[in-house]
Every structure is written in structure tokens, then in C-alpha cells.
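Below is one structure; the comments refer to it alone.
All of the numbers you see were taken from the coordinates with simple rules; none came from a lab. As the structure is a computational prediction, the values presented were derived from the model and not from experiment. All Cβ positions, glycine included, derive from the backbone under ideal geometry; neighbour counts span all protein chains shown.
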Amino acid sequence: MLETHGDVCRLGYLRIVPCLLEDNSPKTFDFLAALLHDIVKGIGDRDLLVSKPIGLITSLVNARNYVTMAAELNFIDRKSQLLGTFGKLYLTTDSAIKFKKFVDGRESLNLIELITLNDAEKLFFLWALFIQDYPFIQMITNWALKKKKFRRQEAMIYAMEEAYPQALKKALPPSDIRRKEAEKFREKRLSIKDKIEWIKSSQYAKYRHIAPPRLEWLVDCGILKRSGRGKYEVNDQMIYDQQKILKLTTLRPKKIESYLFNDFIKGMARWYKQAGRTEVIKTMIQVYDRMSFHFGGEVNLTYLECMTSIVLLENGLIAEKQKIHDAFNSLALQFPDKIYVMPGGRNVNIAYINTEELEI
DNA sequence: TACACAGACGTGGTTGCTCC
DNA sequence: GGAGCAACCACGTCTGTGTA
């Protein structure tokens, strides 16, 4: 489960962080925040935005909160202060190229481009969030989809007094004091009769930092939309199948990748052209090259398949993970001396492709 | 028009690292 | 080992504004 700050509402900013770490030199969070703040502070076309989004970076302090969020999402590895797994994975997308150029000053972006995710990125962040914020984000998503239309206040009450204690129960040992505290949230809130006193309470401060960002992340991923100040509703224009999102909210982390990139992605097929075998293989090799650059020689086969699916989506094509897996296997049979899989422990398979000598 | 509350903007306390 | 400092975390509070 992620530790959050109420400011950190726009997922789009997180795409910049891996680009800042691509040189493979460790950077402190404060230094990264200063870089991030410097890069985005000049972009001031906020008035042009129809929806007036919240969570824009306006100060060094909230840039710092975005860097912390990047670490929570595993875009940054806290220990080494280098790229984390999801940071490395993001750098293998086509979309990352635009942000690398932006960071280097070779391309300029406006605020809309900076905070808006394309469909492939929405899927990428959905993946990262559902893995890293398990099971809290699942519960909130499930509640929101069933509720259809709601106010921020009621979402906060549900999130903090029902979902949060349940999520902590799954995430923390029974002895952990935070579990016991969370179970008393409702009782404590009801004991405060005066609304002003409630809003000034430390418990309300905690609510505001934990629940609202998650609603905004679901807006960025295209599942919810804002329908006024503090109001949300399910986005009826979303590219996903609502039933499939509901199913996604019931899965354990181990099942999420497989479901997201097989059944779930099928629900998006009406918007995309099916990828052919050649397109799948060409993209997979391209993604492999990018991944081996960031991960070293050892490329996790599951990640390779998921990222191939995402990069295909960026190019208007759709292919399920199973189809990509089959393409990999058939290629491995065709070129046994250039492509193979080696066991990497804990059921993780490492793919090796000698791309230099491979002719497709 | 009042006030409830959303959103912005900190800040004090804690942790952990480095150097002597 | 402990002092000093930087980095980091967990709330806290103020202001502006949408809504009843």
C-alpha cells in the first residue's frame, strides 16, 4: 500500500522522474524534486485547461511529494536512489522518448501534454497502481464503480473507515498499532460533534492525504471523471469494459499481470487493430533491446511480454500477453541458438535474445 | 451570503548517515 | 560512540471558493 500526500494527484508528472534518473547516477529525493520543479515551473498555461485539475506542481514542496510517490510506485529504488523496476519499465515505452527530450531541453511540452496520459500509459499506471497499492486501490475502485456517482466526502468516509482498515488488516501484522487505530476511525469521527472541530482534527488531515489522491489517479487512468468541485462519476467514455475492471478489483497481485494483459485488454479491442505476428515479434525485439539496456542482460519474460503489449498499444495495435508468449516460443523454436529462456529462480523466466544476429 | 470544505502550502519531528 | 547535518516523513493549518 502506498503512503501518499494529498498534493500528489496527477500521475503524468511521474513520467518525468525515470527520465531524470536515466544517467544511472544516484540522486537524493530533494535533488530530484529541485530538478522536477525547475523543469515544470515555467509551464503556465493552466488557464487554458477546461477542467482546472488539482495537484499541479507549484512549489518545491509538492515536487518533493511527487518524488516520494515515484519511490512508492517503485519508479525509484529507495535504497540505491537509482531507477526502480517500474521506472525502468516506463523507459521502455515509446512515450518515454518524448519526456526524455523534454528533460534534456530538446522538446517543449505544454501543461496538457504534461499531465495527460495516453491509453497505453493509462494501462501502465493501472498496472503499477494495482500492484503497488494492493488492496486499497482495488476496494476504492470497486466501490466507485458500484456507486457510479458520488461526492468526495462520502468516498473519503468509505475509503478511510471501511477500505483502509481492511487493507491494513491484509498488509500489516496483527500487532501493528496502525491497524487498531484505523478500526476506531469511524467511532472517533462520530464522537466529534462540531464540524469545524472535525475539519481541524488530525484524523481529517489524514483522510485528506490518503483518500482523494486515489480518486484523482482513477480520473487520470480514465475510470472516473470529475463532475464538479468535489464530485466524481464513472467515466462512461472509458476505453475499458467496466465488468472487467470489477473483476480486476477482486484479484490478488499474483494474478493481476496475467489478467490485465489477457482478458482485460481484450475489452479494449474495439478501439484497436489486432497486431499481426510480425508486428508482435518486431515490437518484442525492440522492447527487449530497451529492457536489456536498463535491466542488464537479464530480462524478465513476463515483463517483456507486458511491455510489448503496451508498446503495441502505443502504436494503435492490440495483442494479448498469451499471443506474445506464443510468438516468443515459436521464434525460440525457429532460432534455438539465438533465443532462449533460462530459469531465473522463483518461477521467473529470463529471456535472452541475440538481437544482433536475428533476421525477421 | 455564510460556511463547509477543497486545495495549497508548509513545518516540526524523526531517522540515518558521515565524520571525528 | 556521539555530534552534527541532511534527508525524509507525517501530519497541520490557512486561504479561497462552490454550493445551499
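For A:GLN153 and A:LEU109, a Förster radius of 30 Å and the Cβ-Cβ distance give a FRET efficiency of 0.30, rounded to the nearest 0.05.
For the pair A:ASP77 and A:GLU197, the difference between a 0.36 nm per residue extended length and the Cα-Cα distance amounts to 39.2 nm.
Extension gain, A:ALA34-A:LYS98: 0.36 nm per intervening residue step, less the Cα-Cα distance, totals 21.0 nm. So, in region A:11-116, how many Lys pairs have Cα atoms under 19 Å apart, if the pair is 8 or more places apart or on different chains? Within region A:11-116, the lysine pair count is 11. In chain A, if the dipole is taken from +1 on Lys/Arg beta carbons and -1 on Asp/Glu beta carbons about the Cα centre, which of A:LEU172, A:SER25, A:PHE335 is farthest to the positive end? Of A:LEU172, A:SER25, A:PHE335, it is A:LEU172. Only lysines eight or more places from A:LYS323 in sequence, or on another chain, were considered; those with a Cα closer than 17 Å are A:LYS266, A:LYS273, A:LYS282. Modelled this way, with points 7 Å down the Cα-to-C-beta line, the labels at A:LYS231 and A:ARG277 are 5.4 nm from one another. Excluding same-chain residues fewer than 8 positions from A:LYS188, which lysines have a Cα within less than 20 Å of its Cα? Counting by Cα, and skipping residues close in sequence, A:LYS188 has these lysines nearby: A:LYS169, A:LYS180, A:LYS200, A:LYS206. The orientation-averaged shadow of the Cα convex hull for chain A, equal to a quarter of the hull surface, comes to 19.3 nm². Computed on region A:11-116, with alpha-carbon pairs under 8 angstrom and 6+ residues apart, the relative contact order is 39 percent. Computed over region A:136-238, relative contact order equals 36 percent, with contacts defined as Cα pairs under 8 Å that lie 6+ residues apart.
Rg and Dmax over the alpha-carbon atoms of region A:202-242 stand at 11.9, 39 Å. Counting every other Cβ atom within 10 Å of each residue's Cβ, A:THR302, A:THR58 order from fewest to most as A:THR58, A:THR302. Take every DSSP beta bridge whose two residues both sit in chain A; close to 90 percent of them are antiparallel. Excluding same-chain neighbours fewer than eight residues apart, the lysines reachable from A:LYS148 by a Cα-Cα span under 17 Å are A:LYS225, A:LYS231, A:LYS244, A:LYS247. Within 10 Å, at most 14 other Cβ atoms, and a DSSP state outside H, G, I, E, B define an exposed site. Report the longest part of chain A free of exposed trypsin sites (Lys or Arg not before Pro). In short, A:230-345.
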